[in-house]
Structure formats: structure tokens, C-alpha cells
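One structure is given below, encoded as C-alpha cells.
Where a number appears in this text, it was derived from the coordinates with a stated rule and is not lab data. A quick note: this is a predicted structure, and the numbers were derived from the prediction, not measured. So basically every Cβ, Gly included, is an ideal-geometry build from the backbone, and we count neighbours across all protein chains shown.
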Amino acid sequence: MATHTEASRSPHMPNHLETATFEGRNKVLGFWLFLGAETVLFACLFGTYLALRHQTMGGPSGHELFDLKLVGLATAFLLTSSLTSVLAILAMNQLKKKVMMFWLAVTVLLGLAFLILEINEFIHYVHEGHTFTSSAFGSSFYALVGTHGAHVTFGIIWISTLMLQAAGRGITEEMAPKLFVASLYWHFIDVVWVFIFTLVYLLGKVG
Amino acid sequence: MGTLIVLIVFALFLTAILTGGYNKTFLERVKNSKVWDWLTTVDHKKIGILYFLSGFFFFLVGGIEALFMRLQLVVPHNDLFVGDTFNELLTMHGTTMIFMAAMPMIFGLMNAVVPLQIGARDVAFPFVNALGFWLFFAGGLLMNLSWIFGGAPDAGWTSYTSLALNNYSPGPGVDFYVLGLQIAGIGTLIGGLNFMATIINLRAPGMTFLRMPMFTWTSFVTSTIILFAFPPLTVALLLLMFDRLFGSHFFDYTMGGSAVIWEHLFWIFGHPEVYIVILPAFGVMSEVISTFSRKRLFGYTSMVFATVLIAFLSFMVWVHHMFTVGLGPVSNSIFAVATMAIAVPTGIKVFNWLFTMWGGEIRFTTAMLFAIGFIPTFVMGGMTGVMLAAPPADFQYQDSYFVVAHFHYVLVGGTVMGLFAGAYYWWPKMFGKMLNETIGKIHFWTFLIGFHLTFFPQHFLGLFGMPRRVFTYQPGMGLDSLNLISTIGVVGMAIGTIAFLYNIYWSFKKAAPAPADPWDGRTLEWAISSPPPVYNFAQLPLVRGYDAWWMEKQAGNKSLPPAEPLGSIHMPSSSFIPILMALGFFIAGFGFIFRGDFVGAIIGLVLVIVCLFLRSFDRDHGYHIEPDEIEETNKGVQA
Amino acid sequence: MTENQHSDNHAVSPKPESAVKHLISFLIMIILTAAAFYVVIKSGSVVAEHLILPLILVFAVIQVFLQLFTFMHLGQKGSAYYAIFIMLGIVIAVISAVGIILM
């Protein structure tokens, strides 16, 4: 049984703390499997959106609604947060707790900035008459982008919680897989966003 | 909502009184009670039993619904269960049997057997495993409570839109379907994930992938299908919930929606689902036939290959449920060819079973009888499946009793027979008691004959034009006598099931303790006591080949070679969080169904989130069983 | 629970992973994103309109692989199972999405 000691005390530090224990290896594997399931889930939402995106029922179309400047800014926030979360994991594996906490905090802040932009965008759309109930286009748009937004929200809460735990417990063999898995989740959210800005916003502009 | 809270408080009050009045030791007494132990267990063997027995309970419920339907159809113009009631019966029968009976019973066997077969002490995520069970149970309960709270769902187990939308299905019925399945579905998904991780990471030393028993292989592949097939169902149910509760228009064609998207999402899930329920049955058959023929499974590698191929193809054939939608000849042809291709790996399997028996030293135990009965029955279902796969012919069969006959031949003739075979085979390992072979044989013969009597005539009913899901028919159209025979057949199936129930009673009351290896088995689970100790293997075994236990017995060994010295064993602690979390989902489900201001939904979801935090901050790392304790409990039992 | 599972991804020398390759792949992602936006904003004048969708999809797919193989550490020793199942997920996801859109 692998003991959960403070990692700095073990003489032979592994390169990847997240898979140093048996539980850690299980957790990382399980989470990759979960991401496989999430991939299919988002694919179904994408399929639904792309099948229904022209059904505006007289309401504003994507071409009229989408503001690429805002979307570009949101994309920049999320892409950068993906980088900062991987920097946090690198710091974790070097046992630099302060550096890790800094990058995690930046990740959370960037995530929050993204979320604020998205909420503002939704409020704007509602004023334009593009709502969840206005048409099949509206429903499928909010279902897809909203599900992604919900994932971002969950990710922010999750990473904040882990920061709270890491602050008290330090970087242990027990904390490492938790942090690593949360960062995997964050990257996955970013991957989904890449497809959202490509297939929802950019494609909406193209027509 | 209020009623529910009152009921819960009342139940707590009652428990306190029945267990000796409320006082300070009440909590302690609860914690030491057997019930608490079962409610909070994370032991895969106990969870397996919970899965199997609750699945069997829902099997009885679904069976009674089927019985009612056949009673309605016994004569033309019958008026026992008409209209909406009949629709509710057929919807609940289908949904219950697939999601609440077949899958949990499969998970029951998987939980009870897979960790033992790979030589593991536990599953990868014991907590998730328990959560999966309680979520399934909460979902199943929620859906079946619809009978009391405002009417059961009545849009068929496929719940096609637009029929399932508010306009055509007012009332809470379909909401129960949506929420109940959603909750049970999440449970199934994480259960499947747990088994994938278990089989990948927890195999004993020497247990390579190509030494794994066939049941473990099919469980692994089934879990993979679950992982990728349930998300589409999650999305479908979510969108339907939005349409029904929050006024969106995914499936509402008047607002630009598309009913075909529901069909796509449902069948992208729905077709893999039929392989989810049949592949484990294939695995059971492989184990049973090999054991009772005293032969190595014929063509093991091709069996594995066929299983993986079936799983892969299962994701590319969903449109064969939608041939009559009108997606065009190209689409129909592609999916027809893909569908027929599945017959090839399935055929490989059937021949492998036959060749395993050929020249074997066959023992006709009940489990083996079910396996032998399974082969021709399933082949008939497979044949009609290939018939249905041809689009021009399908236009004729579509929505007739021919389809009903087809899928009952594969689901009952395949899955249910497989589950019964598995039950008789592994019962001693699960419960430490044997089932009675004589009663078992009565069970088998009445069930098999009753089954064929019920469903064989339905092929012809379909060909004569009787539509499915319709509650009556006209006299004098050549449907009367076949329907009568079909209903008579149900009596046989009912007697068989009652015999099984009595057999369970018999095994608990009268059976002697089961030996460790009652069937002269071949795989690892038979090397340890029945039921196994809580840690399964005192020392993890070293696996030296396929059919590891059989190999050791042939070499004259009385126990498995250990792969590690006797040492302290780490075990996970019990947890009440899974059941509490499932309760949260259950309350949330009710809250959504009762609509209004969704107070219940918010309360339930808050409870779920609280549980998530509890779990995240929980630092309980379990406990250890020391070697001297192992020696104590292990007297006379080989590792 | 068991120690028999050999941790196969432990390097012998604990040399910390460098951030350079992550920074490079981040730069590539930013460039790809900017390129995709640029192509769409200058619709028709840079790339022919019917080529825009395939092009920005290719950009997106490259980004996915960069994320998977650098940021998410896929492809390093011991991650074969992750790769197999995430790829399987992607294949099924694509089939499902394309099925819903086209069929």
C-alpha cells in the first residue's frame, strides 16, 4: 500500500507525481476514460447544433449575432488558461508549491474572465431576441455553448477547491493525481472550445 | 415534496421505535446494524448481490407488466387494460426490463465475478462502484413510482418525439422516464468506467489480456460500449427534458426542431445498448459451456476478436432502426450492409460454442441446460435479425409483431437465459449456498417451453399484419388462436420464474454451505472459498496461463501459486456518501417532475454538491487487515 | 492496494520537465487560432469560400493534437491505454456527429 507521505520527504522523486501511487494511476486512467465519454457527449451536442443551426424561425441568425472580437478575446483567455494550468502541473512535479498555486490562481482568474464574457454575450443575445426558447437554433446554441459554460464553471469551482486543499496539505502523492486530473479536465474544456469557436462562431460568420 | 419529507421523517421515527426507542445509542446501533452495513458497503461482492437482487426485483415487476399485456391480448376486443393503461404497461415493461432488470443483473454478475476472475482484491474505484449502484436504484425507483404519482410514461421505451413532447404526452409520465433514466444512466456510465479501469489496472501478475477468462473479456468490452454509448442517451434525455420542462424546441418541428434528431440520438445509444446486454451473456455462456464440457474454450482468440469486432460495429449500425424514416437509399444500404456484417463475428461465436461441446465430457447441470437452450434460441433471433436488416423487407416487418418476436428471441433467449445460466453457475460463489438442481431443471424446462410458446407464434402474428403496441385486434383475422397460444406460453415462463424464486428461498433455508469449487471450475474465482473472504485473495495469485486454476489442478496443485508474501491488506472504508448522493439525485428528479418553482430540484442538487465536497475533503484512506487476522479467517481455505 | 503493478512511467533521474515545449505549442495554437479568425474575417479574399470550413477544421484538429500530446501528456511512456480509449472516443464521436448532421 502506497502511503500518502509529504512528497518532499521521499528520496527518489518520480518525474510524474500524479502516477506515483497505485490510486493515482487508477485515477488518471479513469479520468481519461471519462474524457472519452465526454467527447461523445459533446459530439452529440455539436451534431444537434449543426443540424439545427439554420432553423432561426425569423429570429436573428448567427451571422448577424456573433461578434468575433469578443469571441477572439474569450478564446485568448481560455487558451492562455490552458497553458497556465499545464505550467501549474510542471511546478507541481517540481514540488514548487508557491509557483503551482500562482499558476492555478491565474488559471481560475482567466476562467472567470471567460465566463464573464460569455454571460455578457448571452445577455446581449437575449436582448437581440435570440433566446433558449426562440427557435430550434436558439435552443441548440444555448445547449451546446451553455453545456461548455457549465463545464467551465464546474472547473473553476473544482480547481479552487483543490487549491484550498493543497494550501493546507501541500503537494502530496494524494493531492498530485487530483490536481493533474483537474488540469486534464481544464485542457479538455479548451479542446471543446476550439471546436465551438470554429464550428459555431466562425462557421456562423461564413454562413 | 412535503409528503416525501414527512414520509422520510416517519420512516426514521419508525426505525428508532422498532430498534428499541430513540436514545443516545440509537446512532451507534444503526451503525452496527446489518442494514447500515449493506447501505454503506463498498465491497464489490456485496454490491454485486445488491445489483443482482434489485435487478431481479425489477425483472419480476417488468414480468408482471408483460403478463398483464398478454392477458389483455388473450382474446380479441378484450377490455382488461385498454388505451393509456396498455401504453403505460408496454412502455414500463420495455424500459424496466432493459434498464432496471437486464443491466443491473449483468452488473451484479460482473461485480461478483470479474475481480475474482482477474485475481484482484477489489475494483479500481470502490466508492464509484457503490455510487453507480445507488444511482441505478434511485433512478429505477423514481421511474416505478410514476405508477402512484400521476401516471406512468406511455410513449414507448423509445419515447419518440413528437409523441413524447408536452402536446401529445401531457402529465408527468414521460418526465418520470426522462429523469429516472437520466439518473440510472449516470450510475451505469460510472459503473462501466469503473470496470474498465479495474480490468486494465488490477489484473493479477501474469494475467495478460489474452489469458483473461471470456466473461471478463465480454465485461470489459461491454463496459467500453457503456462508456461511449451512454453519453448520447444523456444528451437525448437532457434535450427532451429541456423541451418538456423549459420550453426549448429541439424536437418541435413547428419551431424548426427535428424529431429525427431524437431518433438518431436514441439509437446511437440504443443499438450499442443491445450489445451491452447480450455480450455479457455470451461471456457467461463461454464460461459455462467450457466448464461443463471439461474442455478449453474452442477458438479463444477468435472469440475475443469477435467480441471486440461486434462492439466496434455496434456503433455503426444504428440507422437500421430508422429504415422507414426515409433517410434515403444510400444511407439505408450502408447501414444494412454494416448490420449484416455483425452476423459474421456472432456466427464465429456460435460455432466456437458448438466446437467446445464437441467431444467434451458434458454434464447437464441447470446452468449448462440454459447454455444449450440458449444456442438455438439465440440463433433464431439472430436469423430474424438478418431478415430485418434488409431495408426492403424491413418496410414490411416494421412495427409489427415480427419485430417483437425478434427482439424477445435475442433478449430473452440470449440475455435472460444467459443471466439464469450465470445465476445457477455463480450462485454458490456469490452466496455460499448451492441452488437446487431439480428445481433448477423444472425452472429451465418450463421457462424454455413457455418462452417458445409465447414468442414463436408472434413471428406469424407479425407476418399476418398485427401491429405492435396496439391494445387489441379484430376477431376473425387469423390472429385469435396464435394470440391465445402466446398467452398460454406466458404461463410457462411465469411458472419457471416462480420455480426460480422458490429455488432462492430453498438455497437460503435448506441448502448446505457450498464448497469452494463445486463445478470443477477452470478460472480463478473457484480457487477461493465460497463466498470469498472480504479481501478475496490472501495473497495475490500468480497466473501462469489461460484457465489458470484448471492448469494448476492439472499440475496437481491444491492452491494457486502466490505472487507475493503474506502481508497486510489495504481495504477501503464503507461510506454513506454514495447513498446520500443518490438520494440527492432522487429528490432532484422528483423536484423536476413536479415542475412548479423547482424547489425540490434545487434542494436535491445542493445535496449532491454537498456530497461531492464531502467526498473531496474526505481523507479516510481505509483500513488494513493484518496477516494474523487473515490466518484466522482463512483456516482451511487455500489462498 | 497492490504494489505488483510496476510503475512504468518513472524516469530514473528526476529531471524536471521543461516548459519550453509547452510554450512552443501554445504559440502554435495562438497562431492557428489567429489564422482561423483572419481567414473568416477576410472571408473570400484570402481563401476561396468553399475552402474556409475545411481549412479552419484542419486548424482545429491540429490544436486538438497539440493539446493532447503536449499539455495533456498523451504519448509519453505508460499512456497507451489513455491514447487507445480517447482515440476510440474521438472516432465514435465523429461518426455520431456526422451521422446526426448528414443522415
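For the reader, a short list of remarks on this structure follows.
- B:LEU484 versus B:ARG595: modelled label distance in nm, points set 7 Å from Cα along the beta carbon direction: 4.7
- Under-5 Å amide H pairs with C:GLU17, H placed in peptide plane, nonlocal only: none
- Kirkwood hydrodynamic radius of the stretch B:104-232, Cα pairs, Å: 16.0
- Charge dipole (Cα centre; +1 on Lys/Arg Cβ, -1 on Asp/Glu Cβ; no other charges) of the stretch B:378-484 amounts to roughly 360 debye.
- Equivalent-ellipsoid semi-axes of the protein assembly as shown, from the Cα gyration tensor, Å, largest first: 42, 38, 27
- Seen from A:ILE189, the other residues with C-beta closer than 14 Å to its C-beta sum to a net charge of -3, counting Lys and Arg as +1 and Asp and Glu as -1.
- Across peptide C:24-35, the average count of Cβ atoms from other chains found within 10 Å of a residue's Cβ is 3.
- Overall, the stretch A:27-171 carries a charge dipole of about 780 debye about its Cα centre when +1 sits on the Cβ of Lys and Arg and -1 on the Cβ of Asp and Glu, all other atoms neutral.
- 3J(HN,Hα) along the stretch B:33-47: 6, 4, 4, 4, 4, 6, 6, 10, 5, 10, 7, 4, 5, 5, 4 Hz, from the Karplus curve 6.51 cos²θ - 1.76 cosθ + 1.60 with θ = phi - 60°, whole Hz, x for Gly and Pro.
- Above-threshold pairs, the threshold being 25 Å between Cα atoms, out of B:LYS295/B:LYS510; B:LYS34/B:LYS510; B:LYS34/B:LYS441; A:LYS27/C:LYS77: B:LYS295/B:LYS510; B:LYS34/B:LYS441
- Radius 14 Å from Cβ of B:LEU435, net charge of other residues (Lys, Arg +1; Asp, Glu -1): +4
- Nonlocal amide H pairs with B:SER400, under 5 Å, H built at 1.01 Å: B:ARG468
- Given charges at Cβ of Lys, Arg, Asp, Glu: the protein assembly as shown dipole, positive-most of A:GLN165, B:PHE228, C:VAL94: A:GLN165
- Counting charges near B:ARG619 (Lys, Arg +1; Asp, Glu -1) among other residues having Cβ under 10 Å from its Cβ returns a value of -2.
- What the phi angles of the stretch A:112-124 give under the Karplus curve with 6.51, -1.76 and 1.60, with θ = phi - 60°, is a coupling list of 4, 4, 4, 5, 4, 4, 5, 5, 4, 4, 4, 4, 4 Hz, glycine and proline written as x.
- For the stretch B:241-304, the relative contact order works out to 12 percent when only alpha carbon pairs closer than 8 Å and six or more residues apart are counted.
- Estimated vicinal HN-Hα couplings, Hz - the stretch B:140-155 in sequence order (Karplus 6.51, -1.76, 1.60; Gly, Pro = x): x, 5, 4, 5, 6, 5, 4, 4, 8, 9, x, x, 7, x, 9, 9
- Here chain B has an Rg and Dmax of 24.7, 77 Å, counting Cα atoms alone.
- Kirkwood hydrodynamic radius of the stretch A:15-206, from inverse mean 1/r over distinct Cα pairs, in Å: 17.6
- Pairwise centroid distance, computed over Cα atoms, of the stretch C:33-92 with the stretch B:202-270, Å: 25
- Between the listed residues B:GLY270, B:SER302, B:ILE148, the Cα displaced farthest toward the positive end of the dipole of the protein assembly as shown, a dipole computed from Cβ unit charges relative to the Cα centre, is found at B:SER302.
- For A:195-202, mean number of other protein chain Cβ atoms within 10 Å: 6
- Working from Cα pairs under 8 Å separated by at least six residues, relative contact order for chain B is 16 percent.
- Per-residue shielding of B:244-253, expressed as the average number of other chain Cβ atoms within 10 Å of the residue Cβ, stands at 5.
- Between B:LEU448, B:TRP426, B:VAL404, the Cα set farthest toward the positive side of the dipole of the stretch B:396-526 (charges on each charged residue's Cβ, about the Cα centre) is that of B:TRP426.
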